């Protein structure tokens, strides 16, 4: 089988992290966002993955060989000369998708989506109903904020309702599809929305089904949702008893610590914390609801809450960071710094506190 991952755009919603690291390579949990998807696809039997991109960051290109070796897949690039929406890239990559594709099917992933990826069940369901397409859906508490999928008991989709004012259902598009290759011929080579132009037509012809995701799901394309997704991801690791979560007298709730990280035994971590590779966490530090990305040093007696600390940062001792602060790569904070809801661009030495939420340090 084959898969196509939509990686258009420049990751602007996840800035300042994406100012130096391409969004697909931003770490999430124990590996880059893209690696989670490649891993899931490889386990489902996918042998070739097409990345639909509109630019080629050198860091992304350099990482692909490593992903191929780790997950035993072939990765190829389909480049858009102009933005083609969510359907146009499928038409552009038609020859790549069709070549040596004996299954007659292919996955389509949106690159911001993280979930438990029930791909084996996805394939089984798609083959069972025998129609052209299947959308993975997720249940939401407030469907009035989304485009809702209305379907029959067997999963056959009747219609799509955008931000309904009255309740018609609570399932939304999760951004993962399994399609027959025949769907490609429904798409013109122009900027096209698969959600607004292709899927409604397929549904009207009875060719589109939905399968409801059991388990967590999140679009992690912006910092707030990234941290919500991290919480759900860690909870999933606990529920599935993967054995990757940290244990200790000062570990509270779900915490993941990279084996190469050094954490002082007096530091209290959790709940909902990820400590990246080669990090150093000092004595008396308190961290919760946060990510500390690789090669960062947090000096003693600092407090970090609800924030994302970028790669290779230095956090001075007795600092306090809170309120969805996001620091980019190579940020240095002096001792006793206070950050509240602050965005800090890369390569900055911070010698002052920023207590007012919404500040961007350029």
For residue 145: the one exception among (1) more than 25 Å from the chain's Cα centre (by Cα); (2) at pLDDT below 95: (1)
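Residue check: is residue 9 closer than 23 Å to residue 275 by Cβ and buried (at least 16 other Cβ atoms within 10 Å of the Cβ)?
No: the conditions fail for residue 9.
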Residue match in segment 210-230 (condition: at pLDDT 95 or above and touching a helix residue (DSSP H, G or I) at 6+ places or on another chain (Cβ under 6 Å)): yes
Of residues in segment 254-269 being assigned to a loop (DSSP other than H, G, I, E, B) and in contact (Cβ under 8 Å) with a residue 24 or more places away in the chain, the one surrounded by the most Cβ atoms within 10 Å (Cβ to Cβ): 258
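Every residue in segment 273-330 that is on the phi > 0 side of the Ramachandran plot and within 19 Å of the chain's Cα centre (by Cα), please.
Across segment 273-330, the qualifying residues are 289, 306, 324.
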Residue, modelled with the lowest pLDDT, within segment 45-85, restricted to residues that are in contact with a helix residue (DSSP H, G or I) (Cβ under 7 Å, 6 or more places away or on another chain) and farther than 19 Å from residue 22 by Cα: 84
Within segment 57-75, tally of residues that are surrounded by 14 or more Cβ atoms within 10 Å (Cβ to Cβ), more than 19 Å from the chain's Cα centre (by Cα) and not in a helix (DSSP H, G or I): 1
Hits in segment 201-236 (condition: free of Cβ contacts under 8 Å to residues at least 12 places away in the same chain and either within 27 Å of residue 322 (Cβ to Cβ) or in contact with a strand residue (DSSP E or B) (Cβ under 6 Å, 6 or more places away or on another chain) (or both)): 225, 228
Residue match in segment 215-238 (condition: over 23 Å from residue 112 (Cβ atoms), surrounded by fewer than 20 Cβ atoms within 10 Å (Cβ to Cβ) and outside the structural domain of residue 11 (by TED's automatic domain parsing)): yes
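Go through the residues of segment 88-101 one by one and say whether even a single one is part of a helix (DSSP H, G or I), assigned by TED's automatic domain parsing to the domain that holds residue 190 and free of Cβ contacts under 8 Å to residues at least 24 places away in the same chain. I'd like the intermediate steps shown before the answer.
Of all residues in segment 88-101, those part of a helix (DSSP H, G or I) come to 88-92, 94-98.
Going one step further and asking which of them are assigned by TED's automatic domain parsing to the domain that holds residue 190, we end up with 88-92, 94-98.
Among the residues that remain, those that are also free of Cβ contacts under 8 Å to residues at least 24 places away in the same chain are: 95.
Yes, the conditions are met somewhere in segment 88-101.
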Test: residue in segment 124-142 that is surrounded by fewer than 13 Cβ atoms within 10 Å (Cβ to Cβ), under 26 Å from the mean Cα position of the chain (by Cα) and closer than 17 Å to residue 107 by Cα: yes
The listed residue being without any contact (Cβ under 8 Å) to a residue 60 or more places away in the chain and either touching a strand residue (DSSP E or B) at 6+ places or on another chain (Cβ under 6 Å) or surrounded by fewer than 18 Cβ atoms within 10 Å (Cβ to Cβ) (or both), out of 309, 344: 309
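The values are calculated or read from the model by the stated rules, or taken from the named source; none is laboratory data. What you see is a predicted model, and the numbers here were worked out from it, not measured in a lab. Note that each Cβ is placed from the backbone with ideal geometry, even for glycine, and that neighbours are counted across all protein chains shown.
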